[in-house]
1. Restricted to segment A:293-310, and to residues that are under 14 Å from residue B:47 (Cα atoms) and of a type in the set (D, E, K, R), which residue is farthest from the other protein chains (Cβ to nearest Cβ)?
2. Residue A:54 fails exactly one of the following numbered conditions: (1) of a type in the set (Val, Ile, Thr); (2) free of Cβ contacts under 8 Å to residues at least 24 places away in the same chain; (3) within 30 Å of residue B:62 (Cβ to Cβ). What is the number of that condition?
3. Would you say residue A:177 is modelled with pLDDT of 95 or more and loosely packed, with under 13 Cβ neighbours inside 10 Å?
4. Conditions first: (1) within 11 Å of chain B (Cβ to nearest Cβ); (2) surrounded by 14 or more Cβ atoms within 10 Å (Cβ to Cβ); (3) aliphatic (A, V, I, L, M). Residue A:110 passes all but one, so which condition is the exception?
5. In segment B:28-41, how many residues are within 24 Å of residue A:290 (Cα to Cα), more than 7 Å from every other protein chain (Cβ to nearest Cβ) and not charged (D, E, K, R)?
6. Which numbered condition trips up residue A:238, out of (1) in contact (Cβ under 8 Å) with a residue 60 or more places away in the chain; (2) surrounded by fewer than 23 Cβ atoms within 10 Å (Cβ to Cβ)?
7. Being at the interface with another protein chain (Cβ under 8 Å from one of its Cβ atoms), more than 30 Å from residue B:93 (Cα to Cα) and not hydrophobic (A, V, I, L, M, F, W, C) narrows it down to one residue among A:233, A:160, A:244, A:199; which is it?
Amino acid sequence: MPTYDPRVISRSIDTLESEIQRFTDISSETSQQAGYVQLNYRERAERVLRWSAIVLDRALNDTLEVRAVNDEVDRLVIQCSEAVEIAHQTLANSEHIRTRSIATQDRWRVELQAALAWEARAEAELSSAKAAREKAESQVSRAMHALSKAESALYSCQSDSKRNCSGHQAAVGAARNNLATAQIALQQAEARVRAAEADLALARARVAQCRKSLAIADVAVTRSHQAVSIAIDSLARAESSLSDAHAAQRKAIEAQYKAIEAEELAKETVTRSRQAAANVDTAQTHLYQSIKFNDSAHNLAIRAKLDLDYRNEQLRNFNRLSSDIS
Amino acid sequence: MEDSSWYLKQRSDLQEALWYLQQQSRHLQDYRLDIRGIWADDAATEIDRRYLNIHAQDSSESARSLASQLASIVDADVEFDLANRAGMKATQLSQQIDRLLRLARAEMNRSLAEYYIHQERDLAANAAIAEAESLISQAGEYP
């Protein structure tokens with residue numbers, strides 16, 4: 001059986017108590033530290049959960065907004081495509097009306113030239129007819145003078161009963177025939193003048209009509225040119241509008257892809273945050289376990305210390321008694 | 001969203017503290033073994049049986065639970081990090097979406113402005129066409 005020195009045992013018990021106390025202090029500090037860490041992670045988990053809910057809410061709102069913009073831009077693209085078609089049709093119509101107005105103008109220009117030529121011809125004819133009438137009038141005048149002269153000669157001859165007047169008689173007859181012929185020619189000349197005057201009036205009326213129609217056709221050409229010019233601008237605007245709408249559509253589609261990705265990521269954020277919170281909950285359970293065992297160990301340490309103190313006190317008393325005996 | 005380094009530092013400090021606690025626990029148990037060569041009477045046996053053996057078990061369980069808490073916190077950190085990355089990326093995408101939608105709306109506004117000018121021009125062109133049509137009729141298309 002071993003022999004124990006009470007003093008050595010007492011020192012060992014003192015050291016053991018110190019070690020136990022030291023361990024208790026460290027375990028308490030560690031437990032407090034673990035509690036502090038746990039508290040911070042609990043707050044962190046709550047904060048991250050709130051944040052992830054905000055992220056998800058924003059992503060869902062983004063998705064709705066992107067969908068609305070896509071719907072709007074799709075409608076705009078259709079509207080602008082129709083506008084381009086309408087603008088093409090308007091341009092075709094304006095080009096068609098321009099062609100027709102130019103054709104009308106050309107036709108009236110040709111008609112005016114023809115009418116002017118007709119008028120010139122009519123004027124020439126009238127001049128010619130008037131000249132012929134003057135000539136006919138002169139011939140009538142000369143025939144009348146010749147008849148008067150022949151009749152005078154016949155009267156002079158007939159006043160002398162001895163004279164043979166058959167020659168004069170024949171001359172008067174001839175003069176009367178000439179006058180009749182001249183008068184017929186005059187009537188024909190006058191009729192020609194009236195016809196020429198009527199034709200000239202018709203030609204002038206035609207010229208006036210052609211001038212008026214040509215003037216209207218000129219305005220029609222001007223307006224149809226303007227129509228083409230405006231229609232070209234209209235088409236350019238419609239195409240520009242469609243181009244801008246397509247650009248908007250490309251951006252909206254890009255936004256849509258990003259919104260899909262963002263929503264998936266936001267859902268992952270929520271899932272991960274919940275998993276993190278669950279892990280923090282599990283950590284909390286382990287901490288409670290640790291505290292429970294630590295508290296138990298702490299109580300045992302207190303009770304052990306009381307027993308060790310008692311034992312140490314007995315050893316000291318025993319040692320004192322031994323010293324007194326020796 | 002957050003700076004995780006502060007939490008990682010806390011976690012690291014706790015790991016260190018746990019390591020130190022385990023060291024200290026081993027040291028205590030080693031010392032208990034050491035003094036058995038000096039003090040091994042009935043009283044020592046009784047104190048070991050009633051207190052110190054259970055104390056060693058509870059301390060060990062406590063440390064093990066702390067280690068489990070730390071392991072769960074490590075798992076949580078992984079999830080926090082993944083959540084943070086996903087959330088940050090989602091936030092960045094949201095900003096990009098906002099910018100794209102603003103650009104899209106600006107393009108739509110430009111498109112609508114051009115569309116309204118087109119409508120006004122189309123009306124004017126059709127009015128000019130109608131007027132030209134009327135003038136052609138007045139002039140007489142086929143003289």
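1. The qualifying residue farthest from the other protein chains (Cβ to nearest Cβ) is A:309.
2. Of the numbered conditions (1) of a type in the set (Val, Ile, Thr); (2) free of Cβ contacts under 8 Å to residues at least 24 places away in the same chain; (3) within 30 Å of residue B:62 (Cβ to Cβ), the odd one out for residue A:54 is (3).
3. When the stated conditions are applied, residue A:177 passes them.
4. The one condition residue A:110 does not meet is (2).
5. Number satisfying all stated conditions: 1.
6. Just one mismatch for residue A:238, condition (2).
7. Testing whether each residue is at the interface with another protein chain (Cβ under 8 Å from one of its Cβ atoms), more than 30 Å from residue B:93 (Cα to Cα) and not hydrophobic (A, V, I, L, M, F, W, C) leaves just A:233.
The rows are residues; the columns are (1) surrounded by 13 or more Cβ atoms within 10 Å (Cβ to Cβ); (2) modelled with pLDDT of 95 or more.
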{"position": "A:2", "(1), (2)": "no, no"}
{"position": "A:7", "(1), (2)": "yes, no"}
{"position": "A:12", "(1), (2)": "yes, no"}
{"position": "A:45", "(1), (2)": "yes, yes"}
{"position": "A:55", "(1), (2)": "yes, yes"}
{"position": "A:59", "(1), (2)": "yes, yes"}
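The values are calculated or read from the model by the stated rules, or taken from the named source; none is laboratory data. All of these numbers come straight from a predicted model, not from anything done at the bench. Heads up, the Cβs are rebuilt from the backbone with ideal geometry, glycines too, and the neighbour counts pull from every protein chain shown.
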